[in-house]
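Take a look at the structure below.
The values are calculated or read from the model by the stated rules, or taken from the named source; none is laboratory data. Just so it is clear, the model here is predicted, and its values are computed rather than measured. Using ideal geometry, Cβ is built from the backbone for each residue, glycine included, and neighbour counts are taken over all protein chains shown.
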Amino acid sequence: TKPTILVTGGAGYIGSHAVLALRDAGYGVVVIDNLVTGFDWAVPADVPLVRGDIADQPLVEATLRDHDITAIMHFAGSVVVPESVENPLKYYHNNSAKTRDLIESAVRTGVKHFIFSSTAATYGTPDVEKVREDTPQRPINPYGMSKLMTEYMLRDVAAAHPMNFCALRYFNVAGADPQGRTGQSTAGATHLIKVAVEAALGKRAGVSIFGTDFATPDGTGVRDYIHVTDLAAAHLLALEALIADPARSHLLNCGYGRGFSVLEVLDAVDRATNNPVQRTMAPRRAGDPAALISDNSAILATFPWQPAHADLDQIVAHALAWERKLGDRA
Ligand code: UFG
C-alpha cells in the first residue's frame, strides 16, 4: 500500500488539487489547515482535516506520528505580493518562521520527504527571456524573499538530516480541476485569471490592466500561466522521485516555458463567454516584472512530466466553470 502524505494548506487552492491528485493515485492523505484562507468544504469528506496551525508543534507532531506520515507537501502560506510589501512581517512569520517550525517537527518525527511550494517570485526581475534554475535569485518583494529563505532552510536541513526535498518554483498558477471538484475559491483574489472570470460573471465591474508600457510586444505584463492540475501532477512525480532516490533533492521551475500578456488573457476570457469584460488602463503595480517565463527543460528532464492542459483557453474554461459553480459561496 502507498504511504500517507500530510498536505498543509490542503483546504486552499493549489493544496486542494494536490489532495485530489494524491487520493486519485491511491495515497493516504491527511490535511492540516487553519482555514484562514481555505475552506473546509474544499477537503473531500473521506480525507481527515486537522484544523490547526503548521507551527503548533504538539499538534503537528501528534498528527505526523498518528498517521505515520512519510512525506509532507507544504502549501500553507501567504501569497499576495503587494500585501507582502505592506506587511512584510506577516510573510516572514507565515512563510518563513512557521515553516521553520514545521520542518523541525518533520525532522523530529522522522518524515523522510518534503515538497515545498516555492515561486518564480524568488527570481525577482530576471534579465533573461526564460528563467533557468541557475538564474540568480534576487527577490524584489518580501513574498519572494520569504519563500527563498525556506529553500535555504530545506537545503541545509536535507544536508544535516535524513530528509530530502523538492522545491517547485511555480510560475502563474490558474485554472481548476477539470472534473469541477475544486478550484480557486479565495475571497478578494488578486490574480489575473481569477479576477477576469469574476468580472466575466458579473461578480466585479471589470479588470484593471496594471501597466501598458512594459517592454513587451503589446506593452502589458507577460506571464507563464500553468494549469493547477498539471502542477498537482508535478507534485506527485516529485514525491515519487524523492522516494525513489532519498539521497537526491530537487529545485525545479514549474511552468510551460511560454508566456501570455494581460491582453491575451483577457481576449481568451472574452472568447470563452462571448461577452467582453470591461478593461481599464491603470498604472503599474509596485514590484511587477515585465515578463516572467520559465525555462522548464530541467523538470522535463528530471520527471516524466507530461502537461495535459497547457492551453490558455482550457485554463480559462476551467477557471470559468469553477467560478460558475462557486456562485456566491466564496
Ligand atoms: N494583472 C492585471 N490586472 C489584475 C491582476 C493582474 O493587469 O487585476 C497583471 C499583473 O500586473 C501581471 C499579470 O497580470 O502582469 C499577472 O498578475 P497576477 O497578480 O495574476 O500574478 P503575479 O505575476 O503578480 O504573481 C503570481 C503569484 C506569485 C508568483 C508569481 C510567479 O501571485 O505568487 O505569480 O510568476 F510568485
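Odds and ends about this structure:
- Filter pass, A286 being of a type in the set (A, V, I, L, M), within 23 Å of E133 (Cα to Cα) and at pLDDT below 95: no
- Scanning the stretch 248-279 for residues that are part of a strand (DSSP E or B) and within 23 Å of the chain's Cα centre (by Cα) gives H250, L251, L252, N253, C254, F260, S261.
- In the stretch 71-115, of all residues being under 18 Å from I140 (Cβ atoms), more than 15 Å from the chain's Cα centre (by Cα) and buried (at least 21 other Cβ atoms within 10 Å of the Cβ), the one that is nearest to the ligand (Cβ to nearest atom) corresponds to S84.
- Residues of the stretch 301-324 that turn out to be surrounded by fewer than 14 Cβ atoms within 10 Å (Cβ to Cβ) and either of a type in the set (S, T, N, Q) or in a helix (DSSP H, G or I) (or both), as a count: 4
- Of the strands (runs of 3 or more DSSP E) lying entirely inside the stretch 102-176, those containing at least 1 residues that are β-branched (V, I, T) span 113-119, 172-174.
- Any hit, the stretch 270-283, residues being at pLDDT 95 or above, within 16 Å of the ligand (Cβ to nearest atom) and among the acidic types (D, E): yes
- A count restricted to the stretch 22-40 and to residues that are assigned to a loop (DSSP other than H, G, I, E, B), under 17 Å from the mean Cα position of the chain (by Cα) and either under 19 Å from R65 (Cβ atoms) or not assigned by TED's automatic domain parsing to the domain that holds L236 (or both) stands at 0.
- Flag if I103 is closer than 23 Å to D245 by Cα, at pLDDT 95 or above and assigned by TED's automatic domain parsing to the domain that holds A247: yes
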